[in-house]
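The values are calculated or read from the model by the stated rules, or taken from the named source; none is laboratory data. This is a predicted model, so every value here is computed, not measured. For neighbour counting, all protein chains shown are included, and Cβ atoms are generated from backbone atoms with ideal geometry for every residue, glycine included. Heads up: the accessible areas ignore ligands, DNA and RNA and are worked out on the full protein's heavy atoms, side chains in. Shrake-Rupley method; radii C 1.70, N 1.55, O 1.52, S 1.80 Å.
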Amino acid sequence: MSLDHAATPSHQSALSRYRLLWSQTPQSFRIGLVILLAHLIVAVTGPFWAPYGFSQMGTGIPLSGASWGHPFGVDQLGRDVFSRVVHGSHIVILLSLSGTALGLVVGAVLGLLSGYLGGWFDNLLQRFLEALISIPFLVLALIAIASAGPELSGNPILVVLVVALVYAPRIARMARAAAMDIATRDYVTVARLRGESAWSVMRRELLPNATGVLLVEFALRAGYAPVLVGSLGFLGFGLRPPTPEWGLMISENRALIIITPITVLGPGLALASLVVGLNLFTEGLARILGRTVRLGAQ
Amino acid sequence: MTGATPLLEVRDLTVAYRQGGGWACAVDQVSFSVQAGEVFGLVGESGCGKSTVSLQLLGYRHPSTKVQQGDVIFKGRSLVGMSRPELDALRGDRIAFVPQNPTTALNPGIRIGDQLVETTAAHGRAERAQGAAVITEVLKLVGLPADPAFQRRYPHQLSGGQQQRVCIAMALACDPDLLVLDEPTTGLDVTTQEQIVGLLADLRRRIGVAMLYVTHDLALLSQIADCIGVMYAGRMVEIAPTHEIFQRPRHPYTQGLIASIPLIEEQSARKSRPLRGLLRRRDLPTGCPFTPRCDYAQARCAAERQELKAIDDSRAVACWRWREIAPIPAEPPAALAVTRPAVAVPALSVDRVDVLYGAKGRGFRAVNGVSFDIEEGEVFALVGESGSGKSTLARAISGLVAPDGGAIKLRGEALAPAVGDRSRDQRRLIQYIFQNPDASLNPRARIGETIARPLVHFFGMDGRRARTMVADALHDVRLDLSYQERYPDQLSGGERQRVAIARALVAKPALLLCDEILSALDVSVQASILALLQQLKSEHGIAMLFISHDLAVVRMLADRVCVLYGGEVMEIGPREAVFAPPYHPYTYSLLHAVPVPLRRPDKPIQSRGLAEPKRGGAGCVYAGRCPWQLGEICETERPPWREAHAGTRLRCHHTLEDLNARAVSPSARNKEIAV
């Protein structure tokens, strides 16, 4: 966007410049951003204004359905589902974002190095990553959790690690493709002639020029991460009750879905809106980045 | 101009591009006309709008361009207002286009015969069945074999020159009235270029097609155009017949442009000063856009718009002072007193180096037994066409490809074949500068960081000391200190190349490998980088391996020259000796092919076409393409080395006397056209 900045006459105020930038963004980006901001605000401020505590029992008549006092109903233990959703917001967002971020770091480093170095390292790593990718991600996650042992189950760090494990190979493949492209540029050859180490080449030459690809990749993965976290919770491999994690709540209330569908629908809607918001946002972001971020020179 | 209705008339054409929120004017009230059968040349530096004009002649409407004003009238019909179906009927039929890059212009998945038939079929000129006859005819016209076997080839099975001929054949298939050529020879070798230009001149004589020839190469234009229009920053600054423009350029920009052409002949013939500065579209004055770079500029120039005014019946110029301005003579090049240290050990010694590509056994011999020494502080030029192995040799010296035989020594020390096995000091002493300045700088690093990196890496400098060195380096390449904070995309091509040079210089190398570092740049930028290199040569005394296909540039810079063909040395020796008879036949054909202003080419000397080099055969690699081939012996026996004067060595079966005689025979020399 540097060109746009330069082309904008200087007499325009900063505000109108931002307005111009905003008007150039795709609509999906704007809608996604609004939904995402709403979620972030709830996640940050929610614990202060939620009507009840997340494990507070006896807030109303159990399974009484939706009402003004309990928009998402009351579960069988008498807990207010809406308050639980609000309290759980930051957990879901935090777990999915940190899991994706970890996957990004590991995947990017491995992928970039693999693409730059090539040879046996690349070959070996790629076969290993292909093996990981070929396992359906939920199965892979379950295998990882099962092999971690029972004493670690329910640990949020384990959930983060599992999300990272699922995403890292997929991100690594994208990073590798980007690195193979960038490695043909003359500035990388210059660095190689200088005798720079692979790590230094990756950090200085490859990584800064792959940021566009990696950001898009991060955004796309992050958009789906809440579903993964929720799925783990739903299957009972995620966090432990009474943590107000959305997937776990859906799982807990699903037996009584016929009586009070709202107790399942509430967390489900929250999860769906987060995923939709993230996806719209990242799709728009990908379009903006695709427009402005170039891999080196054209 | 003349009374006849022109074939094509462009009137006050103003084209704008969408940029940011508004429109940026790329072409500003350009007017000119092309008569039937005339060749009109459009010349200017990159960004001057010449390609935009040529695309408008085809009625090409990109969604982000807008014709704001003016008209393009072709045979009495306006192209600007024309509907899409009307345009489709006209384009390719009456007006045809020859693109710059034939490799991307031809569909790689369709046989060339079929591609040619498509054009004729699209315009209903001939049914597919009859098309074959037309195709055979146009292929013959452009000097390609017309047999079915050739038509069944795919584009990748043709050489670059042949591909461009196919593009020209495609353009000619419907017998158009006007051919628009956008830099048709820019990507080609100089000998191929000579043949294509010869072909175009020939076509014009035979079928009388009018041409609009767009190029940045004024010298080339002088060989084919009748009339030349010079554009600057979207405006036409001068239109004149070709002789006139070279003999008496009126506009200061034209004068500078002519003076910027590197001359292969004597340098003293310069009439005026080369261009200085750069076209910066962002800060143009309201008046004449050339004011910031003009030697004659006055206050009125910047304020008052200069319209193109006819100064006699055939020429027009957009400068109110055209009567007064006389060329400022160029400063004679300062005598470069190079004090070379008297050392016995050469900076670089290359001894019988071979480089093979491909599978073992069936390998392709890219470099075959090449030997030479580069003395300290010497500029050693490697010349040859693409595929001659010059870049491969540079890559072998740098350690990017391991040679398969021979030895490379740096200051007497043998170098390991791969860069990874060389010592840090050896890596520092050889610095590589690449052809394409766009790709050689990390777009995400500031210029300051880019230049500082070798300092940190090789000398372990801390940030503060590195910064002062970076400032010195920027000063060395004549860039302002403020460039440190910029990113490469904020720089022009020439500035980026200066940064690449600065990055190489800070490592304090013993040898610079300059791989075609000027060929991606405009003439005026080329001239300034060349001047910079000449200064650096005298200031630093670094040895340079200067790779170029441009003999004029080589003549201005090099101390010694080595001519490569098919991976083998054809001729090697001091510059003046290589550029004087006796020539090796290949050197002669290269020299002959360079366009020189106002020198009409006679027939290209090669009648044998562009045969592939005969690598690894029993005879001479140049046999089969050699214009002076002796006979059987060239195919069967390796030519001997012959020692000419001043230490020049060349490899040919001809005796030196024979070569001398051929080089000066009247049929081989070119005549200056009468002016």
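Summary of computed values
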read-out	value
Environment charge of residue A:32, counting only residues whose C-beta is closer than 14 Å and scoring Lys/Arg +1, Asp/Glu -1	+1
Total accessible area lost when A and B pair, probe 1.4 Å, Å² to nearest 100	2100
Extension gain, residue A:21 back to residue A:121 (0.36 nm per residue minus Cα-Cα distance, nm)	31.6 nm
Relative contact order of the stretch B:431-564, pairs being alpha-carbon contacts under 8 Å that are 6 or more residues apart, as %	31
Distant-in-sequence amide H partners of residue B:570 (H built 1.01 Å from N, under 5 Å)	B:563, B:564, B:565
Rounded, prolate or oblate (a/c below 1.5 giving rounded, otherwise prolate when a/b exceeds b/c) for the stretch A:223-271 by Cα gyration tensor	oblate
Karplus-derived HN-Hα couplings along the stretch A:266-280 (A = 6.51, B = -1.76, C = 1.60, θ = phi - 60°), whole Hz, x at Gly and Pro	x, x, x, 5, 4, 4, 4, 5, 5, 5, 4, x, 4, 5, 4
Accessible-area ranking of A:256, B:630, largest first, probe 1.4 Å	B:630, A:256
Net +/- balance of residues flanking residue B:642 in space, Cβ distance below 9 Å, scoring K and R +1, D and E -1	+1
Accessible-area composition of the protein assembly as shown, carbon plus sulfur, in percent [1.4 Å probe]	57
Under-23-angstrom lysine pairs by C-alpha in chain B, whenever the two are 8 or more apart or on separate chains	15
Amide H partners (placed H, <5 Å) of residue B:228, local residues excluded	B:41, B:240, B:242
Burial of 30 Å² or greater, the stretch A:186-215 residues [accessible area, probe 1.4 Å, versus chain by itself]	A:186, A:187, A:189, A:190, A:192, A:193, A:194, A:195, A:196, A:204, A:208, A:209
Karplus-derived HN-Hα couplings along the stretch A:95-110 (A = 6.51, B = -1.76, C = 1.60, θ = phi - 60°), whole Hz, x at Gly and Pro	5, 5, 5, 5, x, 5, 4, 5, x, 5, 4, 5, x, 5, 4, 4
Choice from A:54, A:237, A:128 with maximal GNM fluctuation in chain A (Cα, 10 Å cutoff)	A:128
The protein assembly as shown: antiparallel DSSP beta bridges as a percent of all, rounded to 5	60
Chain A: most fluctuating residue of A:161, A:125, A:239 per GNM, C-alpha cutoff 10 Å	A:125
q = 0.14 Å⁻¹, the stretch B:8-47: log10 I(q)/I(0) [Debye, one scatterer per Cα]	-0.44
Value of [θ]222 nm, deg cm²/dmol, for chain B, DSSP H segments ≥ 4, -39500 (n - 2.57) each, nearest 500	-9000 deg cm²/dmol
Contour minus Cα-Cα distance for residue B:482 and residue B:462 (0.36 nm per residue)	5.2 nm
Semi-axis lengths, Å, chain B, gyration tensor of Cα atoms, sqrt of 5 times eigenvalues	41, 34, 25
Global geometry of chain A, whether rounded, prolate or oblate, following the gyration tensor of its Cα atoms and the 1.5 cut on a/c	oblate
Among A:73, A:167, A:255 - extreme Cα towards positive end, dipole of chain A, charges at beta-carbon	A:167
Estimated inter-spin distance, residue A:138 and residue B:86, nm [label 7 Å along Cα→Cβ]	6.3
Rounded FRET efficiency, nearest 0.05, which uses the C-beta distance separating residue B:46 from residue B:538 and R0 of 30 Å	0.50
Cα coordinate range in the stretch A:47-156, projected on the principal axes (Å, largest first)	65, 27, 24
Gaussian network model of chain A, Cα within-10 Å springs - most flexible of A:199, A:68, A:246	A:68
Environment charge at residue B:317 (Cβ cut-off 12 Å; Lys +1, Arg +1, Asp -1, Glu -1)	+3
For a label point 7 Å along the Cα-to-beta-carbon line of residue A:48, residues of the stretch A:74-98 with backbone N under 20 Å	A:83-94
Spacing of the two label points (7 Å from each Cα toward its C-beta) at residue B:371 and residue B:400, in nm	2.7
Nitroxide proxy distance, nm - points 7 Å out along Cα→Cβ at residue B:309 and residue A:200	6.3
Sequence-separation-based contact order of chain B, relative, with Cα cut under 8 Å and 6+ spacing, percent	12
Förster radius 41 Å - calculated FRET efficiency between residue A:34 and residue A:63, Cβ distance, rounded to 0.05	0.75
Computed E for residue B:205/residue B:357 - FRET, C-beta separation, R0 41 angstrom, nearest 0.05	0.45
Per-residue HN-Hα couplings for the stretch A:79-89 [Karplus 6.51, -1.76, 1.60; θ = phi - 60°; Hz; x = Gly/Pro]	8, 6, 5, 4, 4, 5, 4, 5, 5, x, 3
Rounded accessible area per residue of the protein assembly as shown, 1.4 Å, Å²	43
